[in-house]
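K.L.:
I'd like to ask you about the structure that follows.
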Amino acid sequence: MFTLSEGSLFKNRSYLLVWVAGLCAMLGFSMFFLSISWFIVDVLQEPAVLGIVLMAMSVPRVIMMIYGGILADKMRKSLIMFVTNLLQAGIMVALIIMFLNGSLDVTSLIIIAFIFGFLDAFFFPAVSSMIPVIVEDAQLQRANSLFQGSTELMFIIGPLIAGVLLTIGDFTLTFSASAVLILLSAILVFPPLLKDPKPDRTGEKQSAMKDLKEGLSYVMNSDVHKTGTLAIVVINLFMIGPILISFPIIVEGLGGRPLELSLLEGGLALGTFTASIFIVIWNTRKRRGNVVFTALLVSFLLFIVFSRMEAFGLLILLAALSGFVAMFVYLLTVTMVQEKTEKNKLGRVMSIITLAASGFEPVAFGLISILVAADLPIQTVLTFSGVTGLLLSVWLVWKSRAFRSLD
């Protein structure tokens, strides 16, 4: 029989396996992301195509994310995570073969990105709804913060490793390392090892559409769910998405190298990691809604300043500060939502939250790519995005006064 581990999170075997698997997956993905970005910008000489490839990864995630959450409520979560990671490792092997054969072009990258995004739509609702099941409520905020902070650390280490490997070798090295790490993640969440509980199927069977409507209705009828989801949408659509796609474009425009690109991405990840560790130590449960709104406003102010800078040192510092503040919006919101969600609806609710966190990125990627292709300076595009996000944040704070006093 499945029981929750008591005491320290490090005595919870199931959480440890999920945690380490997440570290391996995120390290592999961060190396893959930087390598693909630099391959498109430096080798293919197509910076405008970067947004299209990222859209190809994000669009299927948007389309299938909700169904991924429905599946996570009906199937064993470890099985979903195992299968998706295993298939992603297989895709990486195919990518390596195409690169060695000289057939890795824009079309093949779009197809690979599409499949990756499709699989992510099933993986992330499973892992995000797994943690509240295997961790006690009193430890949930620390568990989320430790998981998120540790995986963000991989986004610091990953680009640095990839930058070094690309300097001393070629893309085969980084692609192979990514494949091995993702495969290791799959092994760690192998269901017989993880031993997570199987969903109760004794209730009335429902169609996927009915499950979807039930999940959306659940979110829309709760102030914490609805307002928190909107806050995550705003910060990802107008800050996180634009800043991610801007890094290789800014570096290439300023005559930088893969090392500068890795430092920018590492700076953002360092900020989010530091914030996560701070939340683990702080572990506040008072007026978290007010903290979320304050962080939302400050993050856009920092992002607007970032958009006007051209010195690498200041860009790295501002990316780190923006990531630090933005992580308060995400982590505190996710924890409040999980605490106030019934266990049999966690998959669907977390799929909506995950969709808000990453599913709107293709819109940002597409808009940025179109504006860059129209020869607008990336700094101008980022400033416009930051100002728009700030105005929407002010509107959200004004319209959602009850959320500010939530604990």
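K.L.:
On the basis of being touching a Ser or Thr at 6+ places or on another chain (Cβ under 7 Å), at pLDDT 80 or above and surrounded by 23 or more Cβ atoms within 10 Å (Cβ to Cβ), does Val349 make the cut? Please lay out each step first, then the result.
P.N.:
Working: touching a Ser or Thr at 6+ places or on another chain (Cβ under 7 Å): yes; at pLDDT 80 or above: yes; surrounded by 23 or more Cβ atoms within 10 Å (Cβ to Cβ): yes.
Considered against the rule, which asks whether it is touching a Ser or Thr at 6+ places or on another chain (Cβ under 7 Å), at pLDDT 80 or above and surrounded by 23 or more Cβ atoms within 10 Å (Cβ to Cβ), Val349 comes out as yes.
K.L.:
Here's something else I'd like to know. Considering only the range 275-283, I want to know if a residue exists there that is in a helix (DSSP H, G or I) and either in contact with a strand residue (DSSP E or B) (Cβ under 6 Å, 6 or more places away or on another chain) or at pLDDT 85 or above (or both). Walk me through how you get there before you give the answer.
P.N.:
Kept after step one, since they are in a helix (DSSP H, G or I), are these residues of the range 275-283: 275-282.
Those left that are additionally either in contact with a strand residue (DSSP E or B) (Cβ under 6 Å, 6 or more places away or on another chain) or at pLDDT 85 or above (or both): 275, 278.
For the range 275-283, residues in a helix (DSSP H, G or I) and either in contact with a strand residue (DSSP E or B) (Cβ under 6 Å, 6 or more places away or on another chain) or at pLDDT 85 or above (or both): present.
K.L.:
For Glu310, indicate whether it is under 23 Å from Gln139 (Cβ atoms), surrounded by fewer than 23 Cβ atoms within 10 Å (Cβ to Cβ) and among the charged types (D, E, K, R). Talk me through it step by step, then tell me what you get.
P.N.:
Values: under 23 Å from Gln139 (Cβ atoms): no; surrounded by fewer than 23 Cβ atoms within 10 Å (Cβ to Cβ): yes; among the charged types (D, E, K, R): yes.
Here the answer is no, as Glu310 does not meet what is asked.
K.L.:
Still on this structure, I have one more. Would you point out which residue out of Thr174, Thr167 is part of a helix (DSSP H, G or I), over 18 Å from the mean Cα position of the chain (by Cα) and at pLDDT below 85? Give the derivation first.
P.N.:
Numbers: Thr174 fails: at pLDDT below 85.
Every option except Thr167 fails the conditions.
K.L.:
Just to be sure before I move on: is Leu54 in contact (Cβ under 8 Å) with a residue 24 or more places away in the chain, closer than 30 Å to Arg348 by Cβ and surrounded by 17 or more Cβ atoms within 10 Å (Cβ to Cβ) in the structure I sent? It would help to see each step written out before you state the result.
P.N.:
Numbers: in contact (Cβ under 8 Å) with a residue 24 or more places away in the chain: yes; closer than 30 Å to Arg348 by Cβ: yes; surrounded by 17 or more Cβ atoms within 10 Å (Cβ to Cβ): yes.
Considered against the rule, which asks whether it is in contact (Cβ under 8 Å) with a residue 24 or more places away in the chain, closer than 30 Å to Arg348 by Cβ and surrounded by 17 or more Cβ atoms within 10 Å (Cβ to Cβ), Leu54 comes out as yes.
K.L.:
Could we say that Gly90 is of a type in the set (Gly, Ala, Ser) and closer than 27 Å to Ile243 by Cα here? Steps first, please.
P.N.:
Numbers: of a type in the set (Gly, Ala, Ser): yes; closer than 27 Å to Ile243 by Cα: no.
Taking the combined requirement at face value, the residue does not satisfy it.
K.L.:
All but one of (1) in contact with a helix residue (DSSP H, G or I) (Cβ under 7 Å, 6 or more places away or on another chain); (2) outside any helix (DSSP H, G or I); (3) closer than 29 Å to Met220 by Cα hold for Met309; which doesn't?
P.N.:
Result: Met309 fails condition (3) only.
K.L.:
Here is a follow-up. Report whether or not Glu260 is surrounded by 18 or more Cβ atoms within 10 Å (Cβ to Cβ), free of Cβ contacts under 8 Å to residues at least 60 places away in the same chain and under 30 Å from Thr167 (Cβ atoms). Break it down into steps so the answer makes sense when it comes.
P.N.:
Values: surrounded by 18 or more Cβ atoms within 10 Å (Cβ to Cβ): yes; free of Cβ contacts under 8 Å to residues at least 60 places away in the same chain: yes; under 30 Å from Thr167 (Cβ atoms): yes.
Answer is yes for this residue.
K.L.:
Considering only the range 340-351, I want to know if a residue exists there that is under 15 Å from the mean Cα position of the chain (by Cα), touching a residue at least 12 places away in the same chain (Cβ under 8 Å) and part of a helix (DSSP H, G or I). Lay out the reasoning, then the answer.
P.N.:
Kept after step one, since they are under 15 Å from the mean Cα position of the chain (by Cα), are these residues of the range 340-351: 350-351.
Next cut, touching a residue at least 12 places away in the same chain (Cβ under 8 Å) only: 350-351.
Among the residues that remain, those that are also part of a helix (DSSP H, G or I) are: 350-351.
The answer is yes; a qualifying residue exists.
K.L.:
Only residues in the range 150-167 that are over 24 Å from Ala275 (Cα atoms) count as the first member; pair them with residues that are among the basic types (Lys, Arg) and surrounded by 23 or more Cβ atoms within 10 Å (Cβ to Cβ), Cβ under 7 angstrom, at least 6 apart or cross-chain, and list the lot.
P.N.:
Once the first residue is over 24 Å from Ala275 (Cα atoms) and sits in the range 150-167, no partner that is among the basic types (Lys, Arg) and surrounded by 23 or more Cβ atoms within 10 Å (Cβ to Cβ) comes close enough.
K.L.:
May I pose another question? Quick check on Val127: is it surrounded by fewer than 18 Cβ atoms within 10 Å (Cβ to Cβ) and in contact (Cβ under 8 Å) with a residue 12 or more places away in the chain? Show your work before the answer.
P.N.:
Working: surrounded by fewer than 18 Cβ atoms within 10 Å (Cβ to Cβ): no; in contact (Cβ under 8 Å) with a residue 12 or more places away in the chain: yes.
The answer is no for Val127.
K.L.:
While we're looking at this one, here's another question. Please determine whether any residue of the range 358-377 is closer than 23 Å to Asn144 by Cβ, among the aliphatic types (A, V, I, L, M) and either in a helix (DSSP H, G or I) or in contact (Cβ under 8 Å) with a residue 60 or more places away in the chain (or both). Please lay out each step first, then the result.
P.N.:
Quick first cut of the range 358-377, residues closer than 23 Å to Asn144 by Cβ only: 358-361.
From what's left, among the aliphatic types (A, V, I, L, M): none.
No, the range 358-377 has no match at all.
K.L.:
Anything in the range 263-302 that is among the small types (Gly, Ala, Ser), in contact with a Pro (Cβ under 8 Å, 6 or more places away or on another chain) and closer than 17 Å to Leu314 by Cβ? List them, or say none. Steps first, answer last, please.
P.N.:
First, the residues of the range 263-302 that are among the small types (Gly, Ala, Ser): 266-267, 269, 271, 275-276, 289, 295, 299.
Now drop any that are not in contact with a Pro (Cβ under 8 Å, 6 or more places away or on another chain), which leaves 266, 269.
Listed by number, the list holds a single entry, Gly266.
The values are calculated or read from the model by the stated rules, or taken from the named source; none is laboratory data. This is a predicted model, so every value here is computed, not measured. Positions of Cβ are generated from backbone atoms using ideal geometry, with glycine treated the same way; all protein chains shown enter the neighbour counts.
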